[in-house]
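Notes follow once the structure below has been shown.
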Amino acid sequence: MSLEANKIAAAVLVGGMLTLSVGLVSNIIYGSPAGAGAEHVAAEGGVEAAATESAAAAATPAAAPVSSVPMIAAADVAAGEKAAGKCKTCHTFEKGGPNRVGPNLWNVVGGKSAHAEGFAYSEVIANLNITWDYDHLDQFLANPKAYAKGTKMSFAGLKKPEERAALIRWLRDQADAPIALPQ
């Protein structure tokens, strides 16, 4: 084999190893163990979840998610903070925090849609013109793409109502003056 052929073979091998390494690191970061079902991947907000859910939605009619609103008042704030970890890649939560891929979420519960100044919202979110009350947040977090068709948000949603309730309960506390808990 010539030196040139060796270089080409080495480049192909290095490319393959790099591709495999990226896949392994992604699984470590996003916690997608072998044998995990679509439900686990969707709960982790992975890219595979969107593809799996699209295929499932095409095969069966979508059932309306169970509302988490009745669970919010009694929800575990610590569990909500843990659930917010899935959002921290794209959002910040502290007062005056920066926008990232998604807007800062301080004062989001009870706040107006498209509330973060200077953030480039998708047209559908910019035109929602709603208050993010408990019902709207619950529906949005269950399935952002179905709630706001055309949103730039790629998160697959939180399917478990208990997890949504805990997250919304924690988000409520990330405010200057938290709104009243639902009855």
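The values are calculated or read from the model by the stated rules, or taken from the named source; none is laboratory data. Since the model is a prediction, treat every value here as computed from it, not as a measurement. So basically every Cβ, Gly included, is an ideal-geometry build from the backbone, and we count neighbours across all protein chains shown. To get the accessible areas, we keep the full protein, side chains included, count just its heavy atoms, and leave off ligands, DNA and RNA. Shrake-Rupley method; radii C 1.70, N 1.55, O 1.52, S 1.80 Å.
Some notes on this structure:
- Hits in segment 91-118 - residues which are farther than 26 Å from ALA73 by Cβ and surrounded by fewer than 16 Cβ atoms within 10 Å (Cβ to Cβ): GLY96, GLY97, PRO98, ARG100, VAL101, GLU117, GLY118
- Of the helices (runs of 4 or more DSSP H) lying entirely inside segment 91-183, those containing at least 1 residues that are out of contact with any Phe, Trp or Tyr (no Cβ under 8 Å at 6 or more places or on another chain) and hydroxyl-bearing (Ser, Thr, Tyr) are 134-142.
- Any hit, segment 141-153, residues being open to solvent by less than 10 Å² (accessible area, probe 1.4 Å), touching a residue at least 60 places away in the same chain (Cβ under 8 Å) and out of contact with any strand residue (DSSP E or B) (no Cβ under 6 Å at 6 or more places or on another chain): yes
- So LEU167, is it open to solvent by less than 50 Å² (accessible area, probe 1.4 Å) and under 17 Å from SER68 (Cα atoms): yes
- Evaluation of ALA78 against (1) open to solvent by 20 Å² or more (accessible area, probe 1.4 Å); (2) part of a helix (DSSP H, G or I); (3) in contact with a helix residue (DSSP H, G or I) (Cβ under 6 Å, 6 or more places away or on another chain); (4) under 22 Å from ILE29 (Cα atoms) (one fails), failing number: (3)
- Hey, ALA62 at pLDDT 50 or above and under 30 Å from PHE119 (Cβ atoms) or not: yes
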